[in-house]
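In what follows, a structure is listed as structure tokens, so that the remarks can point back to it.
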Amino acid sequence: SQQGEEDPQALSIQEGENATMNCSYKTSINNLQWYRQNSGRGLVHLILIRSNEREKHSGRLRVTLDTSKKSSSLLITASRAADTASYFCATDAFGGSRLTFGEGTQLTVNP
Amino acid sequence: GAGVSQSPSNKVTEKGKDVELRCDPISGHTALYWYRQRLGQGLEFLIYFQGNSAPDKSGLPSDRFSAERTGESVSTLTIQRTQQEDSAVYLCASSFSVGSRNTIYFGEGSWLTVV
């Protein structure tokens, strides 16, 4: 089973609205990362949050981490049509070297 | 180069043929990863290399899949006797070192279609 699982699978919003995507995982982690993928091509790193952090900001992105619930959320504020993409969370098992990706959330921002 | 480079971008091959996919990591990156992504799905880990250490091959789905890396440079992923279920994007990534604190940088992927 997937270590990281995102929900919803698909999200459609209007430009200017906020988009929230969630990620749940099963095992202890060192950190959790969020990536973005345009049109099935390469992934781009967005943000990393460590297991001892609860919230992190980067521009219009806000990530939270709740290790007690083994979940994270990615909030994109004031969305733009250019934010349309798939968003993946990636986790590592404690001490692990590889990143395990979830199935992703497909975000569509309508102009 | 400035980023991770993969070739070919697209490959259509007949079932049963062998294919080689190439990855040039970012210069100075000691860790290199291969992932597979089927249409509409998440990334499946295949293999990673870290310097001169033995690679972690635990994600390779069958013995038809193999990968090599020369030192800390180019890597090739070889799929022998391709099957239709091998159709996917094969993504290569690199980072300064192995370890999840390191951001990994992805190439644009090689689209493989087996007909």
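Put a dot 7 Å past the Cα of B:L39, heading toward its Cβ, do the same for B:D18, and the two dots end up 2.9 nm apart. Take the Cβ atoms of A:T108 and B:T103, set R0 to 35 Å, and the FRET efficiency comes out at 0.85. Across B:R36, B:R64, B:R22, mean-square fluctuation computed from a Gaussian network of chain B (C-alpha pairs under 10 Å connected) peaks at B:R64. Per-residue surface analysis assigns B:S58 an accessible area of about 80 Å², computed on protein heavy atoms at 1.4 Å probe radius. Given R0 = 30 Å, the distance between the Cβ atoms of A:D66 and A:N38 translates into a calculated FRET efficiency of 0.60. Mean per-residue shielding of peptide B:41-49 is 5, counting Cβ atoms of other chains within 10 Å of each Cβ. For B:W34, B:W111, the ranking by accessible surface with the largest value first comes to B:W111, B:W34, using a 1.4 Å probe. Placing B:L46, A:L75 in order of accessible area, with the largest value first and a 1.4 Å probe, yields A:L75, B:L46. Model label sites at A:A78 and A:H57, defined 7 Å from Cα along the beta-carbon direction, differ in position by 1.2 nm. For segment A:72-84, the Karplus equation 6.51 cos²θ - 1.76 cosθ + 1.60, evaluated at θ = phi - 60°, returns couplings of 9, 10, 10, 10, 10, 8, 6, 4, 10, 4, 5, 7, 4 Hz by residue, with Gly and Pro reported as x. The GNM of chain A, with springs linking C-alpha atoms under 10 angstrom apart, assigns the highest mean-square fluctuation among A:G59, A:G42, A:G16 to A:G59. Name the most mobile residue of A:T64, A:T100, A:T27, meaning the one with the largest mean-square fluctuation, in a Gaussian network model of chain A with Cα contacts below 10 Å. Comparing A:T64, A:T100, A:T27 in the GNM, the peak value goes to A:T27.
Chains B and A together bury roughly 1900 Å² of accessible surface, counting both sides and using a 1.4 Å probe on protein heavy atoms.
The values are calculated or read from the model by the stated rules, or taken from the named source; none is laboratory data. None of the values given here were measured: they were computed from a predicted structure. Quick reminder, even Gly has a Cβ in these numbers, built from the backbone with ideal geometry, and neighbours come from all protein chains shown. The area values use the complete protein model at the heavy-atom level, side chains included, leaving out ligands, DNA and RNA. Shrake-Rupley method; radii C 1.70, N 1.55, O 1.52, S 1.80 Å.
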